[in-house]
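Everything below concerns the one structure shown next.
The values are calculated or read from the model by the stated rules, or taken from the named source; none is laboratory data. Predicted, not measured: the structure shown is a model, and the values here were computed from it. Here the Cβ positions follow ideal geometry from the backbone for every residue, glycine too, while neighbour counts run over all protein chains shown.
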Amino acid sequence: MYGDRPILAPVKLTGGETIGELFEYTLELKTPDALEFSQSVAANVDLDKLIGTEVTVSIQLEGKGHFIPGLAGDAGMANIGAGTREITGVVSDATIVREEARSIVYALTLRPWLWHATKNCDCRIFQDKSVIEITDAVLSAYPFPVEKRLTTPRPNKAWPRRDIQRQHFESDWTFLQRLWEEWGIYYFFEHGDGKHRLVLCDSMGALKPLGDAYAALRYDPPSGRRIDEEHIHDFSVSHALTTGAVTSVDYDYTLPRADLKAMREDPRDTGLAHQERYSWGDYAQPQAGAAGLSGDHNAPRTEAEYLTLVQMQAWRCQGLRAHGKGNLRGVVTGQTFVLSHYPQNAANREYAVIGCALTIEEIGEASGSGQCYRCEADFTAQPTSEPFRLLRTIA
């Protein structure tokens, strides 16, 4: 601290989060610009001590609405949804960036704790375990919070076990990402109470609405008038041609005549939407588990249908996406909102935020209390009526 002021004060935050990806933010901080503050102290902050620590950025949310007397219930309440949004991450990089007048500017890169799992490489075998059991085993090495909002594949209503699942000279993150993409599990991070929690999901029903001030967002294009709430000033909806069918096949040498082909068709209502993707599956389990040939066969047809459905949904959901911008401080990846006042009626619906880039920058002449900030959110969303899955990026 320098008097009642911190030695490093935040002046800019840029970065973003996307479902199924590891987030990254860059936080710029300035030392005090007071004449009596030592330039030697300002330029010699020990950056090594910052690496590996958790840093939380708090963003004030003013809410929406002014108090109107006489209205029933909450209709006349002021500052609905006011509070604080947190962004917490582990410092992976710390840099002295430049000198500005009497101040020194530093930059910290904030990443999720799961990013640590990209830094190892291992080779091991998991026997007779489901994807959830493997996830628990791998993440047990990382003492950070995890929440599972998962259903189970139907009709068995259980996550199938695999005879053998090998982590083949992969990092823990690459291994888990490969399994999650295969089984239709996606993830994002929730921030609060000075921590960030990994949330694992497999359905839109697991996503929660944004806070009270953002659960319903109004579209209002740039004009001369002002409205008393944060809103979306730029919004577009894109329809795209996608794969219309997925076929998988596998072979079980203990059941050589078994037909293990599975196909799922779900083309979007567009022209030329019937292109098919053919792939080799991984659902036949030829009794290679601990019980050997005395064990029971799995249900390859049922599992094939589920895994093929996951692939079909991953391709189909690419065909309808929305993109928006606004001076929005509270739009958070992995949460939902309802759009209103858009000229296309069909677009006024509930969306899930699947990615959001955020820029918050001080626009005052000197850092410190009472300064003004500019905030811009640039987000991608998908209607909640469409299932969401991750495309398979790791073979």
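A compact table of results
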read-out	value
Odd one out for S140 among (1) under 23 Å from the mean Cα position of the chain (by Cα); (2) surrounded by 15 or more Cβ atoms within 10 Å (Cβ to Cβ)	(2)
Lone qualifier among F169, F175 - being loosely packed, with under 15 Cβ neighbours inside 10 Å, closer than 25 Å to P286 by Cα and aromatic (F, W, Y)	F169
Residue match in region 324-336 (condition: out of contact with any strand residue (DSSP E or B) (no Cβ under 6 Å at 6 or more places or on another chain) and either among the small types (G, A, S) or free of Cβ contacts under 8 Å to residues at least 24 places away in the same chain (or both))	no
Strands (runs of 3 or more DSSP E) lying entirely in region 208-299 (those with 2 or more residues that are closer than 30 Å to T84 by Cβ)	216-218, 232-239
Within region 95-108, considering residues that are within 27 Å of the chain's Cα centre (by Cα) and surrounded by fewer than 18 Cβ atoms within 10 Å (Cβ to Cβ), the one nearest to E190 (Cα to Cα)	A107
Pick from region 126-137, criterion surrounded by fewer than 17 Cβ atoms within 10 Å (Cβ to Cβ) and modelled with pLDDT of 95 or more, ranking: nearest to the chain's Cα centre (by Cα)	D136
Test result for Y187, part of a loop (DSSP other than H, G, I, E, B), out of contact with any Lys or Arg (no Cβ under 6 Å at 6 or more places or on another chain) and surrounded by 18 or more Cβ atoms within 10 Å (Cβ to Cβ)	no
Qualifying residue in region 161-177 (condition: part of a loop (DSSP other than H, G, I, E, B) and not aromatic (F, W, Y))	yes
Qualifying residue in region 217-229 (condition: within 30 Å of V55 (Cα to Cα) and of a type outside the set (V, I, T))	yes
